[in-house]
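Have a look at the structure below, then the notes.
The values are calculated or read from the model by the stated rules, or taken from the named source; none is laboratory data. Model, not experiment: these values are computed from the prediction. Positions of Cβ are generated from backbone atoms using ideal geometry, with glycine treated the same way; all protein chains shown enter the neighbour counts. Ligands, DNA and RNA are stripped out before the accessible areas are found, and what is left, the full protein with its side chains, is counted by its heavy atoms. Shrake-Rupley method; radii C 1.70, N 1.55, O 1.52, S 1.80 Å.
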Amino acid sequence: MVSSVVRSSLLYPTVRHYAVAATVSKCAALAPEIKVLNNKVTVAAYDNHAPIAQVSIVFRAGSRNETHDTQGTAHYLRIAAGLSTSCATSFAITRNIQQRGGNLITTVDRESIAYTLQITKNNLVDALQYLEFAATKQIFKPWEIADELPRLKYELFSLSDAVLILELLHKAAYRSGLGYSLFCPEYQLGKIGTESLQHFVNTWCTAPRCAVVGTGVSLSELTALGSNLSIESTDNTNEASKYYGGEIRKETGTDLTTVAIAVEGVSLKNEKDALACAILQRASGSGPRVKWGSSPSSLHKQISTAAGREPFCLSTFNASYTDSGLFGVVLCSTSNVAGFLTKAAYEWLKCFKLSDDDITRGKNILKTEILDAADNSLCLLESMQQQAVLKGKVSSPTSLANDIDKISASDVKDIADKLIKGKLSVAAIGNLKTVPYIDELK
């Protein structure tokens, strides 16, 4: 069994939320099916006749649903997936899934948690009950939770600066809600118990916030599973996360410096703006597209001039959530030029020097990413999960590509003009001797 944190929400949010359903027949393209059951559970299926069936039970509940006193609950839930339930022990779940050659995977992001079963079709019916047990029948035995503490510590203390910088940036930008980390704070280790976990599940993992999603299975099979889920029918609403902006710095003894600069982006409420912002990210530079090549974007050229001969790496990022978003730049360099690069990135972020050719390139890159993700079974399933649970619908890659073509250069520039006016958020890790404070950038 595997559990992991979803990291694609930052660099490829639009792909994650929209890319679905690749063509698997020479005659016609298959399309995903979706419906809402009487118990308010959303069901989405894409029967692509793949030999491996993938079924997910997804809840619209993530780290943003924690409180100040329960930070780390989502991390604990991910770690606790597959432990004993009211219907089966941890050994029974593990043995019965593994004996059938299956996998049980748990993924978490700021707005959702997904329990996924991967297994051959002939073993699907027998294994589905164990997926249901893991996702909806948890009892969180205190001694089993305590046994997972070493794993929590290992994950927490082995995080890279690339992961930490985005966690700190969210904290600086939102403080609470979306600002709560995907990882348990050190001071919370060992303090999240059975009652906290059970209360979180009972409050947020309910039928109106649930989706059953699958690939390689029919809608009728998933409908049967979704109809029989034993979960609460209440629907608690999220408290909107307010964007504040701010700064967090973390000094370490390394020679490298990692800096993230961002402004408030766009939410998923307006699909046209979300697509325009995703195009803006690709047009601005999200890394080289050719081996041994470099980005042709104005941002990369501006940073290269500031860096001189010093090595560096950078990428823009775009995180879109249901009620807010972040757009910015992450860069890493040696400490002696980090300050110059930070200032150069800030100057670019406050003017967005983009040509029509840059925007055309960004549209082509985004369409390629979406269509490529639709050909990957895991990306396909993850995309369907997020669309079903957050938006209540699933879009095909063809329709999305057509929507991207409808986005004009002026639409992208309008979004850029809005972002320019946004309040700044900054996070920095490493040797910060040359990195300017946020008030020195204004």
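Before moving on, here are some points about what is shown:
- Legend: calculated FRET efficiency, Asn270 to Trp292, from the Cβ-Cβ distance at R0 = 35 Å, rounded to 0.05, equals 0.35.
- Helical content of the chain, expressed as a calculated mean residue ellipticity at 222 nm, amounts to -12500 deg cm²/dmol (DSSP H runs of 4 or more residues, -39,500 (n - 2.57) each, divided by residue number, nearest 500).
- Exposure rank, largest accessible area first [Tyr46, Tyr437, Tyr130, Tyr154; 1.4 Å]: Tyr154, Tyr437, Tyr130, Tyr46
- Between helix 298-307 and the chain: long-axis angle, C-alpha atoms, 0 to 90°, nearest 10: 60
- Percent carbon-and-sulfur accessible area, the stretch 246-440, ignoring ligands, DNA and RNA, probe 1.4 Å: 51
- Nearest 10 degrees, 0 to 90: helix 161-174 Cα axis against the chain principal axis: 90
- Shape of the chain, Cα gyration tensor, a/c cut at 1.5: oblate
- Relative contact order of the stretch 246-440, pairs being alpha-carbon contacts under 8 Å that are 6 or more residues apart, as %: 40
- A Förster distance of 51 Å, applied to the separation of the beta-carbon atoms of Arg95 and Cys351, puts the FRET efficiency at 0.30.
- Surface accessible to a 1.4 Å probe, per residue, for the residues of the stretch 246-440, Å²: 42
- Relative contact order computed over the chain (Cα-Cα under 8 Å; 6+ residues apart), in percent: 25
- Summed residue charge, Cβ within 13 Å of Leu229's Cβ, Lys/Arg positive, Asp/Glu negative: +1
- The accessible surface of the stretch 31-228, taken with every protein chain in place and a 1.4 Å probe, is 53 percent carbon and sulfur.
- Relative to one another, the C-alpha centroids of the stretch 64-84 and the stretch 258-278 are positioned 27 Å apart.
- Whole-number accessible area per residue in Å² for the stretch 110-161, which is evaluated in the context of all protein chains at 1.4 Å: 45
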